[in-house]
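These notes are about the structure you will find just below.
None of the figures in this text is laboratory data; all of them are computed from the coordinates on show. None of the values given here were measured: they were computed from a predicted structure. Heads up, the Cβs are rebuilt from the backbone with ideal geometry, glycines too, and the neighbour counts pull from every protein chain shown.
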């Protein structure tokens, strides 16, 4: 006899009737289900409850589901099954590229939904996802998209946060100028390294004890930048 807990699912769906139907259907199949009607609420729930999988609608009122996926993938490998009325190839590719594990269009059958969920759960790699990333006196909450230094909130612009987050995702490794520019500004921005110098200067001013001799946000001359966690 085992006391294994039921797998936890997070449903992010704004349509009340469908959200209720999904909850009833999934609970009847043995899952423990929590639901959120907005993308931001769903991201907060994912960071707080660490579900085993997420069922995500793309057409949310506050955030597009693609943006929810991108923010989630900044810190988590939780498997995501997308539900959407968008049945064109471009929408499917966009969702998969943003980090979805599978894609199901509405209307759908309950049997197919459950089968696809079982498949993404089987493929899931066991991992400990932690939305908190720390270096020195700095703590980045990747789930809430907040940054603190010595316990005090640091106000970053969205692009400053994106640069810092990308470096944190690749902590300890050199991130080249073209790699950063391509990721954050697009393929046509690879020659605009001055963008990075501006944002790195601002980040060092806000996060380093001595911005002129940074211990954590380091420059690799002629190559790019590296975030190290131990000075």
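Quick rundown of the values:
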quantity: Prolate/oblate/rounded label for the range 8-123 (Cα gyration tensor, a/c 1.5); calculated: rounded
quantity: 222 nm mean residue ellipticity, helices alone, for the chain (DSSP H n ≥ 4; -39,500 (n - 2.57); rounded to 500); calculated: -12000 deg cm²/dmol
quantity: The range 8-123: relative contact order as a whole-number percent, Cα under 8 Å and 6+ apart; calculated: 23 percent
quantity: Gain in span if fully extended, residue 223 to residue 73, counting 0.36 nm per residue against the direct Cα distance; calculated: 51.4 nm
quantity: 0 to 90° range, to nearest 10: angle between helix 158-169 axis and the chain longest Cα axis; calculated: 80 degrees
quantity: Taking 212, 177, 77 and counting other C-beta atoms within 10 Å, the order from fewest to most; calculated: 212, 77, 177
quantity: Simple spin-label estimate for residue 182 and residue 118 in nanometres, 7 Å along Cα-Cβ; calculated: 4.0 nm
quantity: Taking 230, 15 and counting other C-beta atoms within 10 Å, the order from fewest to most; calculated: 230, 15
quantity: Computed over the chain: relative contact order in percent, which uses C-alpha pairs under 8 Å that are six or more apart; calculated: 13 percent
quantity: Spin-label pair residue 38/residue 17, simplified geometry with 7 Å Cα→Cβ offset, distance in nm; calculated: 2.4 nm
quantity: Sequence-separation-based contact order of the range 132-227, relative, with Cα cut under 8 Å and 6+ spacing, percent; calculated: 25 percent
quantity: Among 42-52, 82-92, the order from most to least packed when residues are scored by Cβ within 10 Å on average; calculated: 42-52, 82-92
quantity: FRET E, pair residue 170, residue 88, Förster distance 35 Å, beta-carbon r, rounded to 0.05; calculated: 0.60
